[in-house]
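Worksheet for the structure shown next.
The values are calculated or read from the model by the stated rules, or taken from the named source; none is laboratory data. Predicted model only: the values in this text are computed from it and were never measured. A quick note on method: Cβ atoms are made from the backbone with ideal geometry, for glycine too, and the neighbour counts reach across all protein chains shown.
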Amino acid sequence: MSGKLQKAFPAGPAPGKRVIGRVTLLSQVELHVLALDQDSPEKPIEIDIHHDGQFLQRITADSELKMREGKPAGRTGRFSFPENFAGKVDYNRIGVTFAATGKHLVGSPASAPLSDLPADRITYEDITEVDQSDELPPLDRLEVDEGSLTERQALFREQGVLRLQGLIPQAAMDAYSQARMRALGVAGNWKSGTPFMHVPELLSLCCNAGLGAVLEELISEPMGVHLNLTDWRSTERNWHQDDYLNPPRLKSWYVAVWMALDDISEDAGPFEYVPGSHRWPVMRREKVLQTLPQAHRAREDWPSLTQGAVSRACLEEVQRRGARVERFVARKGEVLIWHSRLIHRGSQPKDPALLRKALIAHYSSIHRRPGFPPAVQASEGGWYFPIRQPLF
């Protein structure tokens, strides 16, 4: 009978030297295996199931499975998780081994580094850690005098996001929009991540004194711009945090700003975010990189290579917590400031022909980026890091 349970845990009978096997199904309800003794295809094979290193049961893979040509493909076995596991199976802690040798079957999650697991098996817990360090910005620390906070600080501490209208003069936004149109037209884009070094209207906008004052109010140190995203269509980058894309020593002294240069249509792929998710465990670069094969971890495009695993892990965590997702369907002149640990994305547009006229700017504390050239204060009052890259 397939999947017979054994109560003892002695070594199983010695199989032939050429025994192979793999996990063919792993769900919250049951687990299936396919195993074959290539020297004695008629032999049943005993398989042990573990969870978090603890032995659960031994099953016997003894139901014959044949290929179309009539040759034996192997013997199947099935294991049903006990009722107390219902909905709580942690895939990454399941071990499936040959009883005789202790060797893991192919696809046994507990035997595999993250890089060997399919992206949909990698959990939010796998790539995050809890960080309650005193090195974080004051609003992110455990102990805060709530009564001393401004209204903006209290909202940002709770939600990880701040929406403001009228913060930046409309004339400054229009001046940049016109300069961009002259240089690029509607569909063009700059190759540089720091076009503010070449476009005076962009530098003026990013270094607006009022914006700088709000950023310093939230993070407690002057913030300098060092990255722009200037496309007028959605980035379509799926769920992620920004923190793991930066050096770990930065410790969230970092924010990003979304500026609406025009009214944004709901069909143009609005910015979406999960309020309060900045207080969840934070993604770490070294953990995210573990999802890649060793040879790929030094590649410059590692953020793109890991995006699938990151976005699935984020989405599953959002669903697990029952958290709400909000859309920033902005009006012209509206500004959104978000925390580096906030889970967010550029949603997929329903109508790809629609423009999403916006500017995204990323800022770090001017005191905490030793790898950057020293920050410079612009005539408008805000700060920037003079990172020079070719514009095209």
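Selection of segment 174-198 for residues being on the phi < 0 side of the Ramachandran plot, more than 32 Å from the chain's Cα centre (by Cα) and not polar (S, T, N, Q) yields D174, A175, A179, M181, R182, A183. For segment 317-347, the candidate set comprises residues that are acidic (D, E) and over 11 Å from the mean Cα position of the chain (by Cα); within that set, the residue that is surrounded by the fewest Cβ atoms within 10 Å (Cβ to Cβ) is E326. Taken over segment 24-49, the criterion of being of a type outside the set (S, T, Y), outside any strand (DSSP E or B) and under 15 Å from S63 (Cα atoms) is satisfied by P41, E42, K43, P44. Just to be sure I understand, how many residues within segment 353-392 are among the small types (G, A, S) and more than 19 Å from I337 (Cα to Cα)? Within segment 353-392, residues that are among the small types (G, A, S) and more than 19 Å from I337 (Cα to Cα) number 5.
Residues in segment 1-22 that are within 41 Å of the chain's Cα centre (by Cα), modelled with pLDDT of 50 or more and surrounded by fewer than 19 Cβ atoms within 10 Å (Cβ to Cβ): R18, I20, R22. Scanning segment 150-176 for residues that are without any contact (Cβ under 8 Å) to a residue 24 or more places away in the chain, in contact with a helix residue (DSSP H, G or I) (Cβ under 8 Å, 6 or more places away or on another chain) and surrounded by fewer than 16 Cβ atoms within 10 Å (Cβ to Cβ) yields a single hit, A154.
Search segment 238-253 for residues being part of a loop (DSSP other than H, G, I, E, B) and under 15 Å from the mean Cα position of the chain (by Cα), and hand back the single one that is farthest from R312 (Cα to Cα). Of everything passing the filter in segment 238-253, N246 is farthest from R312 (Cα to Cα).
Return yes or no: is A330 touching a residue at least 60 places away in the same chain (Cβ under 8 Å) and in contact with a helix residue (DSSP H, G or I) (Cβ under 6 Å, 6 or more places away or on another chain)?
no
Residues in segment 28-49 that are surrounded by fewer than 18 Cβ atoms within 10 Å (Cβ to Cβ) and in contact (Cβ under 8 Å) with a residue 60 or more places away in the chain: Q28 alone. Filtering R180, R163, R152 for residues that are over 23 Å from A378 (Cβ atoms) and modelled with pLDDT of 95 or more leaves a single hit, R163.
Among A309, A361, A353, which is the only one that is in contact with a strand residue (DSSP E or B) (Cβ under 7 Å, 6 or more places away or on another chain) and either over 26 Å from Y124 (Cα atoms) or among the aliphatic types (A, V, I, L, M) (or both)?
After ruling out the rest, the residue left standing is A361.
Summed over segment 254-265, the residues that are out of contact with any Leu (no Cβ under 8 Å at 6 or more places or on another chain), surrounded by 20 or more Cβ atoms within 10 Å (Cβ to Cβ) and either in a loop (DSSP other than H, G, I, E, B) or not assigned by TED's automatic domain parsing to the domain that holds K191 (or both) give a count of 1. Looking only at segment 121-143, residues that are free of Cβ contacts under 8 Å to residues at least 60 places away in the same chain, surrounded by 13 or more Cβ atoms within 10 Å (Cβ to Cβ) and within 17 Å of E221 (Cα to Cα) come to 1 in all. Return a yes/no flag: does segment 289-299 have any residue that is out of contact with any helix residue (DSSP H, G or I) (no Cβ under 7 Å at 6 or more places or on another chain), over 30 Å from A171 (Cβ atoms) and surrounded by 18 or more Cβ atoms within 10 Å (Cβ to Cβ). No, there is no match, as no residue in segment 289-299 is out of contact with any helix residue (DSSP H, G or I) (no Cβ under 7 Å at 6 or more places or on another chain), over 30 Å from A171 (Cβ atoms) and surrounded by 18 or more Cβ atoms within 10 Å (Cβ to Cβ). Mind checking whether some residue in segment 338-357 is under 22 Å from A213 (Cβ atoms) and either assigned to a strand (DSSP E or B) or outside the structural domain of P248 (by TED's automatic domain parsing) (or both)? Yes, there is a match, as at least one residue in segment 338-357 is under 22 Å from A213 (Cβ atoms) and either assigned to a strand (DSSP E or B) or outside the structural domain of P248 (by TED's automatic domain parsing) (or both). Of all residues in segment 261-308, those that are in contact (Cβ under 8 Å) with a residue 12 or more places away in the chain and over 19 Å from Q348 (Cβ atoms) total 26. Within segment 370-377, none of the residues are under 30 Å from A187 (Cβ atoms) and either outside any loop (DSSP other than H, G, I, E, B) or of a type in the set (G, A, S) (or both).
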